[in-house]
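The values are calculated or read from the model by the stated rules, or taken from the named source; none is laboratory data. All figures in this text were calculated on a predicted structure; none of them were measured in a lab. Cβ placement follows ideal geometry from the backbone for every residue including glycine, while neighbour counts extend to all protein chains displayed. Just the protein is used for accessible areas: all its heavy atoms, side chains included, with ligands, DNA and RNA removed. Shrake-Rupley method; radii C 1.70, N 1.55, O 1.52, S 1.80 Å.
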Amino acid sequence: MNRRRHATAAITVICALTVLASPALTLQAAAAPLPPPLPKKSLEEVRKEIDALYRQAAVATDAYNLADEQTKDQSAEIVRVARMIVEGREKIEALKARAGATARAQYRNGGLPDGAQLVLTNDPQLFLDNAGRLKAGAKATTDLLGEMNRTQAQLDLYAKDAGVNWTKLEANRIRQAQAKKEIDGKIAAAKKLESELAAEERERLRRLEEQERARAQTTWIGTGILAGLKADTTPEARKAIQFATAQIGKPYGWGDEGPDSFDCSGLTQRAWGSAGRPIPRTSQEQWRLMQRVDIKDMRPGDLIVYFKDASHIGMYVGDGTIVHAPRPGRNVTLAGAGSMEILGVVRPT
């Protein structure tokens, strides 16, 4: 009997231990193996990724700048139309006053204007004289009513234009906000990648960038392109070059047109503006709208457009060199004209 009680107790203890142990065993069985660590990117891969992010930010900056220019234009147009509406209303009020004066004169004369009363005279000569005046007065009244109708039609058109311009203005503001969000995101991602590097790696990254630019420049010069280029240029181009090179050392700022910071197209626009030649605001518009020049005919002051999407631009200053605002985190500087992928050359004229 005692042995049976001892056996029962032992079985109970074993069951209890099994129940207590089972959750741990279950957790161990359910636990998934840890994933293998991701392979570390090479510094060259990081460089290419950072470069791509900044290029994407440059494209978004062009979109922002274009929307900003269009917003300014639409705002100015809305102001102009508003002034025309005010002037039109004032004109209608003046025409109504003239029409009211004519109506009051007719009321005072029993419903007939002065000319009509004179026509009713018994004097034939007076009748003939004033018949002409009556005809002229009737024409004047008709002209007055016609002018009022035309002015009212113009007011309706101005009001419609104002509504269209306001819609465009709001659309441009939305595009600006979207472009700004994209720019901020790309720049933040690029900075994050760079910040994750140790100080020594960041220095090596900078050297890699310089080596890549130098390699591209050496290849470009090796084509013999500089041998046929002319060094002479126009007085306006010299003024533009003088302005652009005077900005060397100032920081890049997206959407900036100076005086303290510039983006790439802001620098070229301001430089040529200082020479009395207004040009479009963005690198893509500068490429699209300005006179294109064969690279073998390039001269100092011309603008070199880079990459297939025309997302970067610099000013050629001679000796195979450009002045440009490179990207966020960099300053306006001199660089090899062939250190980036050249799309083409344009000349402000």
Residues being touching a Ser or Thr at 6+ places or on another chain (Cβ under 8 Å) and under 14 Å from Ala335 (Cβ atoms): count how many of those fall in the stretch 213-242. 5
Can you find a residue that is on the phi > 0 side of the Ramachandran plot, open to solvent by less than 80 Å² (accessible area, probe 1.4 Å) and either in contact with a helix residue (DSSP H, G or I) (Cβ under 8 Å, 6 or more places away or on another chain) or assigned to a loop (DSSP other than H, G, I, E, B) (or both) anywhere in the stretch 172-190? no
Of all helices (runs of 4 or more DSSP H) completely enclosed by the stretch 193-276, which ones contain at least 3 residues that are open to solvent by 50 Å² or more (accessible area, probe 1.4 Å), out of contact with any Cys (no Cβ under 6 Å at 6 or more places or on another chain) and not small (Gly, Ala, Ser)? 199-221, 235-246
Can we say Ala29 is modelled with pLDDT under 70, open to solvent by 60 Å² or more (accessible area, probe 1.4 Å) and part of a helix (DSSP H, G or I)? yes
Given (1) in contact with a strand residue (DSSP E or B) (Cβ under 9 Å, 6 or more places away or on another chain); (2) of a type in the set (S, T, N, Q); (3) closer than 28 Å to Gln269 by Cβ, identify the lone condition not met by Thr218. (3)
Can you tell me which of (1) within 28 Å of Gly224 (Cβ to Cβ); (2) in a loop (DSSP other than H, G, I, E, B) is the one Ile313 doesn't meet? (2)
Can you list residue pairs whose Cβ atoms sit under 6 Å apart, with the first residue in the stretch 150-161 being touching a residue at least 40 places away in the same chain (Cβ under 8 Å) and part of a helix (DSSP H, G or I) and the second being open to solvent by 60 Å² or more (accessible area, probe 1.4 Å) and of a type outside the set (Ser, Thr, Tyr)? Count only pairs 6 or more apart in sequence or on different chains. Thr151/Lys91
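Would it be correct to say that Ser283 is of a type outside the set (Asp, Glu), touching a helix residue (DSSP H, G or I) at 6+ places or on another chain (Cβ under 6 Å) and open to solvent by less than 10 Å² (accessible area, probe 1.4 Å)?
Yes.
So which of Ala198, Ala162, Ala177 ends up being modelled with pLDDT of 75 or more, under 34 Å from the mean Cα position of the chain (by Cα) and either of a type in the set (Gly, Ala, Ser) or under 30 Å from Ile78 (Cβ atoms) (or both)?
Details: Ala198 fails: under 34 Å from the mean Cα position of the chain (by Cα); Ala162 fails: modelled with pLDDT of 75 or more.
Just a single option satisfies the conditions, and that option is Ala177.
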Of (1) of a type in the set (A, V, I, L, M, F, W, C); (2) under 22 Å from Arg281 (Cα atoms); (3) touching an Asp or Glu at 6+ places or on another chain (Cβ under 8 Å), Ala67 satisfies all except one. Which? (3)
May I ask you to verify whether Ala82 is at pLDDT below 75 and among the small types (Gly, Ala, Ser)? no
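Suppose we filter the stretch 277-303 for residues that are hydrophobic (A, V, I, L, M, F, W, C) and either assigned to a loop (DSSP other than H, G, I, E, B) or over 30 Å from Gly224 (Cβ atoms) (or both); how many remain? Quick ask: steps written out before the conclusion?
First, pick out the residues of the stretch 277-303 that are hydrophobic (A, V, I, L, M, F, W, C): 279, 287, 289-290, 293, 295, 298, 303.
Among the residues that remain, those that are also either assigned to a loop (DSSP other than H, G, I, E, B) or over 30 Å from Gly224 (Cβ atoms) (or both) are: 279, 289-290, 298.
Total meeting the criteria: 4.
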